[in-house]
Amino acid sequence: PPHTHPRASEFLVVLEGTLYVGFVTSNGDGNRLFTKVLNKGDVFVFPIGLIHFQLNVGHVNAVAFAGLSSQNPGVITIANAVFGSKPPINPDVLAKAFQVDDNVVDYLQKQFWYDNN
C-alpha cells in the first residue's frame, strides 16, 4: 500500500519478477507521480518522506530487497492513518478533503476499523 518513511530514503533491488513502483512529489512540486516498471536486476530509490508504492505486475512471484537509510526510518501507511485512526477522524473532514459523500468515508473507515481490531 502507499506509504512513507518520514526519516529515511528507501532503495529497492528486484531479484526476481516485475514490479511497478512509484512515488509522488510534494505539494510544492505539484504532486508529480514518477513511476517505473522494474525487472530483475533493476534498482529504484524512493526519496525520504515521499509517498511511494510497489506492485507485482508480473505473472510470477516477485522477490525484492529493500534497504533504508536510517535505523529508525518510521513508516506511515497512508490509508491506515487516514481511515483507520483511533479515534476516527471526523467523517466531515475526510468527505470534504476527498470530495466524496460521508457514506463513502463511513464505509472506508469501517473497513480499516475491522482490519485493525
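The values are calculated or read from the model by the stated rules, or taken from the named source; none is laboratory data. Keep in mind that what you see is a predicted model, and the values were worked out from it rather than measured. With ideal geometry, Cβ positions are generated from the backbone for all residues, glycine too; neighbour counts draw on all protein chains shown. Just the protein is used for accessible areas: all its heavy atoms, side chains included, with ligands, DNA and RNA removed. Shrake-Rupley method; radii C 1.70, N 1.55, O 1.52, S 1.80 Å.
Filtered by the rule that a residue be surrounded by 14 or more Cβ atoms within 10 Å (Cβ to Cβ), more than 16 Å from the chain's Cα centre (by Cα) and aliphatic (A, V, I, L, M), the range 38-68 gives 38, 62, 64.
Filtering the range 91-109 down to residues that are touching a Phe, Trp or Tyr at 6+ places or on another chain (Cβ under 9 Å) and open to solvent by 50 Å² or more (accessible area, probe 1.4 Å), which residue is farthest from residue 2 (Cα to Cα)? Let's see the steps before the verdict.
The initial filter retains those residues of the range 91-109 that are touching a Phe, Trp or Tyr at 6+ places or on another chain (Cβ under 9 Å), namely 94, 104-105, 108-109.
Of the ones still in play, those that are also open to solvent by 50 Å² or more (accessible area, probe 1.4 Å) are 104, 108.
Values: 104: 20, 108: 16 Å.
The residue in question is 104.
For the range 28-37, does any single residue satisfy the condition of being among the charged types (D, E, K, R), open to solvent by 60 Å² or more (accessible area, probe 1.4 Å) and within 16 Å of the chain's Cα centre (by Cα)? So far as the range 28-37 goes, yes, one or more of its residues are among the charged types (D, E, K, R), open to solvent by 60 Å² or more (accessible area, probe 1.4 Å) and within 16 Å of the chain's Cα centre (by Cα). Condition first: under 26 Å from residue 10 (Cα atoms) and out of contact with any strand residue (DSSP E or B) (no Cβ under 8 Å at 6 or more places or on another chain). Can you find one or more residues in the range 51-63 that meet it? Yes: one or more hits. Within the range 69-90, the set of residues being open to solvent by 50 Å² or more (accessible area, probe 1.4 Å) and not β-branched (Val, Ile, Thr) comprises 69, 71, 72, 80, 86, 87, 88, 90. If we scan the range 97-112, do we find a residue that is part of a helix (DSSP H, G or I), within 14 Å of the chain's Cα centre (by Cα) and either small (Gly, Ala, Ser) or closer than 25 Å to residue 9 by Cα (or both)? Taking every residue of the range 97-112 in turn, none turns out to be part of a helix (DSSP H, G or I), within 14 Å of the chain's Cα centre (by Cα) and either small (Gly, Ala, Ser) or closer than 25 Å to residue 9 by Cα (or both). Could you grab me the full set of residues in the range 1-55 that are in a loop (DSSP other than H, G, I, E, B) and without any contact (Cβ under 8 Å) to a residue 24 or more places away in the chain? If the condition is that a residue be in a loop (DSSP other than H, G, I, E, B) and without any contact (Cβ under 8 Å) to a residue 24 or more places away in the chain, then 30, 31, 32 are the ones that fit. Just the residues that are among the small types (Gly, Ala, Ser) and touching a helix residue (DSSP H, G or I) at 6+ places or on another chain (Cβ under 6 Å), please, taken from the range 84-111. 84, 95, listed by residue number.
Out of 18, 25, report the one residue that is in contact with a His (Cβ under 9 Å, 6 or more places away or on another chain) and either open to solvent by 50 Å² or more (accessible area, probe 1.4 Å) or more than 18 Å from residue 77 (Cβ to Cβ) (or both).
On the way: 25 fails: in contact with a His (Cβ under 9 Å, 6 or more places away or on another chain).
Only one candidate passes the filter, namely 18.
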